[in-house]
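Visitor: The structure follows.
The values are calculated or read from the model by the stated rules, or taken from the named source; none is laboratory data. Just so you know, these numbers come straight off a predicted model, no measurement behind them. Cβ sites come from the backbone with ideal geometry, for glycine too, and all protein chains shown count toward neighbours.
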């Protein structure tokens, strides 16, 4: 009931913004994503799966309220809880980035103060992936590893502060030069409450949770091209996979990626991403991902996108020892987004997953799906059709 009340309240707020003047103080976005998938062969079980995620985001700028430099943001979502990776394909990288338990959740609720063009400070419930390990062209793909790689997304005692569970945190941004941005944040080390995974909103600062500390540097080295380097560390204690019964203090990892126009390929942009985590406590110890995206592949379709990407998750030796799990799981994804108009898109997608790693001995999986996305925005944020 809490989730339904929150949804009703958001819709009441949404109405005036969708019909109000272009200079409305609040910005609203309602986004609904429907995935229709079929596991054609291999994995856990052949069959169909339907996934759905409804998301509402509200952003309020303080400038027009006499509070220049201030901003407040909230995001709510509802998911239907069907399982693709967990019930069909059997992969650990999560083939659809909207797969989650059935729940209503307050994902974000933060305030931010900017200090001119060079700095900002934010605090509250935050999605770490909004600012860290987020690769622009990779956002086309449905595979979760292209949104945030598994060396980071599978870390910690309950994952980092990302969909579908967020945590309290403090985040700072500083841009000492026009082509250099430095970010650093600290989050509660255990997002939500693992004992109540469907809670609408949970703020639980346990002494044993520790913190997740993360930093990233972004360097724009050419028009449209960026290199990023990040590092993260948990301060809590973790069970060692290589020595059962023994615990260690902390867990850490590093990652880096380059994104931008693809050399020698007109109209294409791409990326390469590498990551490494501590194999003594992490199942996914290393990662390699890369892909290419073509904007407007046909002259008559200026808003469409075509893409191909590969995500390779390497399992650490301690996690594999005695389990029969494969050394690596590799997902190949081919997708095309057909932009019907500014509000509706249709996206057929096919993925071939080599060595799905949720269980030992699974056959390679072939899955095909269609993503239908509908977006409504307040007038000030709407692109022109």
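Visitor: Please pick out the residue among 167, 201, 195 that is under 18 Å from residue 100 (Cβ atoms), surrounded by fewer than 23 Cβ atoms within 10 Å (Cβ to Cβ) and in contact with a helix residue (DSSP H, G or I) (Cβ under 9 Å, 6 or more places away or on another chain).
Guide: Going through 167, 201, 195 in turn, the sole match is 201.
Visitor: Turning to a different aspect of this structure: Which residue out of 155, 145 is in a loop (DSSP other than H, G, I, E, B), at pLDDT 95 or above and either in contact with a helix residue (DSSP H, G or I) (Cβ under 6 Å, 6 or more places away or on another chain) or farther than 28 Å from residue 116 by Cα (or both)?
Guide: 155
Visitor: How many residues does region 318-344 contain that are without any contact (Cβ under 8 Å) to a residue 60 or more places away in the chain and either within 12 Å of residue 283 (Cα to Cα) or in contact with a helix residue (DSSP H, G or I) (Cβ under 6 Å, 6 or more places away or on another chain) (or both)?
Guide: Applying the first criterion (without any contact (Cβ under 8 Å) to a residue 60 or more places away in the chain) to region 318-344 yields 320, 322-328, 330, 332, 334, 336, 338-344.
Subsequent filtering for residues that are either within 12 Å of residue 283 (Cα to Cα) or in contact with a helix residue (DSSP H, G or I) (Cβ under 6 Å, 6 or more places away or on another chain) (or both) retains 320, 323, 325-328.
Adding up the residues that qualify gives 6.
Visitor: For region 220-240, what are the residues that are farther than 18 Å from residue 275 by Cα and not in a loop (DSSP other than H, G, I, E, B)? Even if it seems obvious, please write down each step before you answer.
Guide: Taking region 220-240 and keeping what is farther than 18 Å from residue 275 by Cα, we get 220-225, 235-240.
Passing the criteria: 220, 221, 222, 225, 235, 236, 237, 238, 239.
Visitor: Residues to consider are 233, 204, 208; find the one that is within 24 Å of residue 193 (Cβ to Cβ) and modelled with pLDDT of 95 or more.
Guide: On the way: 204 fails: modelled with pLDDT of 95 or more; 208 fails: modelled with pLDDT of 95 or more.
The match here is 233.
Visitor: Let me ask another. List the residue pairs whose Cβ atoms are under 8 Å apart, where the first residue sits in region 54-67 and is without any contact (Cβ under 8 Å) to a residue 60 or more places away in the chain, the second is surrounded by fewer than 18 Cβ atoms within 10 Å (Cβ to Cβ) and in a loop (DSSP other than H, G, I, E, B), and the two are 6 or more positions apart or on different chains.
Guide: Taking only residues 6 or more apart or on different chains, the pairs are 60/25; 61/25; 62/68; 62/69; 63/69; 64/23; 64/25; 65/25.
Visitor: Here's a follow-up. Starting from residues that are more than 24 Å from residue 250 (Cβ to Cβ) and in a loop (DSSP other than H, G, I, E, B), keep the ones in region 177-194 and report whichever is modelled with the highest pLDDT. Spell out how you get there, then give the answer.
Guide: Just the residues of region 177-194 that are more than 24 Å from residue 250 (Cβ to Cβ), to begin with: 177-181.
If we keep only those that are in a loop (DSSP other than H, G, I, E, B) as well, we get 178-179.
On the way: 178: 94, 179: 97.
Among those residues, the one meeting the criterion is 179.
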